[in-house]
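Everything below concerns the one structure shown next.
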């Protein structure tokens with residue numbers, strides 16, 4: 001059953017038109033009606049509303065998806081999208097807390113780290129935002145030039161992160 005549901009959700013997602021999300025929203029709502037409370041269906045409905053610019057509507061579905069036990073990559077994606085949605089709604093502390101929760105569950109997620117930096121920036125913590133991006137560069141960008149200056153990049157990143165923490 002779960003495999004059939006996932007295939008149905010994937011089919012709706014593949015057919016979406018980002019410039020006209022109403023048919024996609026309707027299709028996902030139809031799937032959710034057939035599978036009430038399913039965490040992946042809830043997540044996909046939230047994502048469709050989010051893509052359509054209806055962040056307030058999306059937020060409720062994301063929250064319900066997490067509460068319903070969303071797992072795996074879908075949970076990681078939900079943390080990111082929900083955190084981004086909360087940021088777009090101006091709910092910065094909630095966004096940061098949710099992204100931190102996501103990073104606790106998925107500590108190696110570069111995308112969660114990037115969106116956390118966006119939230120920090122939106123909150124006015126520009127030093128922490130840039131610092132976290134510099135640490136991410138030092139951690140993940142493994143070119144000869146970055147490796148040569150890795151200690152300096154990481155040191156500057158850590159210093160900048162600490163500046164906002166002190167204020």
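The values are calculated or read from the model by the stated rules, or taken from the named source; none is laboratory data. Note that the structure is a prediction, hence the values are computed from the model and not measured. All Cβ positions, glycine included, derive from the backbone under ideal geometry; neighbour counts span all protein chains shown.
The helices (runs of 4 or more DSSP H) found entirely in region 69-167 that carry 3 or more residues being under 30 Å from residue 47 (Cα atoms), in contact (Cβ under 8 Å) with a residue 12 or more places away in the chain and in contact with a helix residue (DSSP H, G or I) (Cβ under 7 Å, 6 or more places away or on another chain) are 72-88, 92-105, 110-122, 126-140. Screening residue 5 on (1) over 28 Å from residue 103 (Cβ atoms); (2) within 15 Å of the chain's Cα centre (by Cα) shows it passes everything except condition (2). A count restricted to region 80-114 and to residues that are closer than 20 Å to residue 51 by Cα and surrounded by 19 or more Cβ atoms within 10 Å (Cβ to Cβ) stands at 12. Just wondering, is there one or more residues in region 35-50 that are out of contact with any helix residue (DSSP H, G or I) (no Cβ under 7 Å at 6 or more places or on another chain), part of a helix (DSSP H, G or I) and surrounded by fewer than 18 Cβ atoms within 10 Å (Cβ to Cβ)? Looking through region 35-50, none of the residues is out of contact with any helix residue (DSSP H, G or I) (no Cβ under 7 Å at 6 or more places or on another chain), part of a helix (DSSP H, G or I) and surrounded by fewer than 18 Cβ atoms within 10 Å (Cβ to Cβ). Each residue in region 12-24 was checked for being surrounded by 10 or more Cβ atoms within 10 Å (Cβ to Cβ), within 22 Å of the chain's Cα centre (by Cα) and either at pLDDT below 95 or not in a loop (DSSP other than H, G, I, E, B) (or both), and 3 pass. Within region 51-68, the set of residues being closer than 20 Å to residue 97 by Cβ and either touching a strand residue (DSSP E or B) at 6+ places or on another chain (Cβ under 9 Å) or assigned to a loop (DSSP other than H, G, I, E, B) (or both) comprises just one member, 68.
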